[in-house]
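To start, the structure itself, in structure tokens.
What follows draws every value from the coordinates through simple rules; no lab data is involved. Only a predicted model underlies this, so the values are computations on that prediction, with no experimental measurement involved. For neighbour counting, all protein chains shown are included, and Cβ atoms are generated from backbone atoms with ideal geometry for every residue, glycine included.
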Amino acid sequence: MSVEFVQNNIFTIIIAVVSGLMLFWPGLLQTGKLLSAQQATQRINHDNAGIIDVREAHEFAGGHLPGARNIPLKELAGRVAELAAWKEKPLILVCSSGVRSGRACVTLKKQGFTDLACLDGGVPAWERAGLPMTREQKA
């Protein structure tokens, strides 16, 4: 690449680099494994994996994986003690896309959790796979 080309296209190059980094950002935050919906189902069924949904309560109420426990990401650090029994057991972290669950993995890893995974693509990927969802019943 010539210097002249770079100078004439600097903004396009910056946009391309930033876009590429944004594609990989959720993966950079992960400290656990990424599981497809099918792999997550296997871990739940065969390894008794727990499911922690780190979305906000209103998102969780709109539909979540059966058996999931809702602990919003912003509350997770203060509620880690609630998960003490899962420190060495498999946990699957779930959100809407993988970003918040990736951050949750980082938080729990720092607290000594050893078997963490994130649902790749989050709840939408689970739904696309045609897997069951639980929705809150309105009174």
The simple spin-label model distance between K89 and S2, using points 7 Å out along Cα→Cβ, in nm, is 6.5 nm
Taking trypsin sites (Lys or Arg not before Pro) in a DSSP loop with at most 10 other Cβ atoms within 10 angstrom as exposed, one finds the longest site-free stretch of the chain at 1-134
Between V106 and A77, the two model label points (7 Å from Cα along the beta-carbon direction) sit apart by a distance in nm of 1.1 nm
Least to most buried among T41, T12, by other C-beta atoms within 10 Å and fewest first, runs T12, T41
Dividing the mean separation of Cα pairs under 8 Å (6+ apart) by the residue count of the chain yields a relative contact order in percent of 30 percent
Here, GluC sites (Glu not before Pro) of segment 53-89 satisfying both criteria (DSSP loop; at most 12 other Cβ within 10 Å) are E88
Going fewest to most other Cβ atoms within 10 Å around each Cβ, H46, H64 line up as H46, H64
A correct Kirkwood calculation over the Cα atoms of segment 31-128 returns a hydrodynamic radius in Å of 12.9 Å
Non-local residues with an amide H under 5 Å from the amide H of C118, with H modelled 1.01 Å from N and Pro and chain starts lacking one, are K33, L34, L35, L93
Ordered by fewest other Cβ atoms within 10 Å, a rough proxy for footprinting exposure, I10, I71 read I10, I71
For the K33, H58 Cβ pair and Förster radius 30 Å, calculated FRET efficiency rounded to 0.05 is 0.60
Whole-number value, in Å³ per residue, for the convex hull of the alpha carbons of segment 41-91 is 71 Å³
